[in-house]
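Structure record follows, encoded as structure tokens.
Every number here is computed from the coordinates shown, using simple stated rules; none is lab data. These figures come from a predicted structure and were not determined experimentally. When we count neighbours, we look across all protein chains shown, and the Cβ atoms used for this are built from the backbone with ideal geometry, even at glycine.
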Amino acid sequence: MVEREKLSKLSDLALRHRRVGLTKVLPPLGEVLRGSLMERYLTCGHPDCKCTRGERHGPVWYLSLTLDQSHRSGCTVPGDQVEQVRRWIENYHQVKENLEKISDINRELMRRQKDKAKKRKSAKK
Ligand SMILES: [Zn+2]
């Protein structure tokens, strides 16, 4: 909301520059992953195991994601993939955030174009 108010104060040129800038700082689009990484500590069920005394096994890493309102999906993530998964999730959020910002700029530019057209029309009358 605050961001949008700020946009309305910038010139068309500044908005276009900002838009170009946002497309340039995108992470590699092939390296994105939607979901959240979760760390779990588990009990194995053996009555003699240390995990029954609170020393649980783990961490076991999960990638969890919402498919739609009623479906979730997930899978375990091997330890050596955790860093990559973390990075790709971060990339996903950055891409999404930048797309939102670009979209905001485009809506602001659209609004201005409409205003200008309206002014031209009323000037002709
Ligand atoms: Zn155990």
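Summary of values
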read-out: Charge-dipole axis of the range 2-124 as Lys and Arg at +1 and Asp and Glu at -1 on Cβ define it, positive-most pick from Pro27, Cys49, Ile105; value: Ile105
read-out: Computed [θ] at 222 nm, helices only, for the chain once each DSSP H run of length n ≥ 4 contributes -39500 (n - 2.57); value: -18000 deg cm²/dmol
read-out: Highest-MSF residue in the chain out of Asp115, Asp68, Asp48 [GNM, Cα springs under 10 Å]; value: Asp48
read-out: Candidate lysines for bridging to Lys6, where Cα separation is under 18 Å - those fewer than 8 sequence places away on the same chain excluded; value: Lys101
read-out: Estimated distance in nm for a label pair at Asp12 and His46, the labels positioned 7 Å out from Cα along Cα-to-Cβ; value: 7.3
read-out: GNM flexibility winner over the chain from Thr52, Thr76, Thr66 (Cα, springs under 10 Å); value: Thr52
read-out: Kirkwood hydrodynamic radius (C-alpha pairs) into Stokes-Einstein, the range 2-124, 4 °C and 1.567 mPa s, D in µm²/s; value: 70
read-out: Computed over the chain: relative contact order in percent, which uses C-alpha pairs under 8 Å that are six or more apart; value: 29
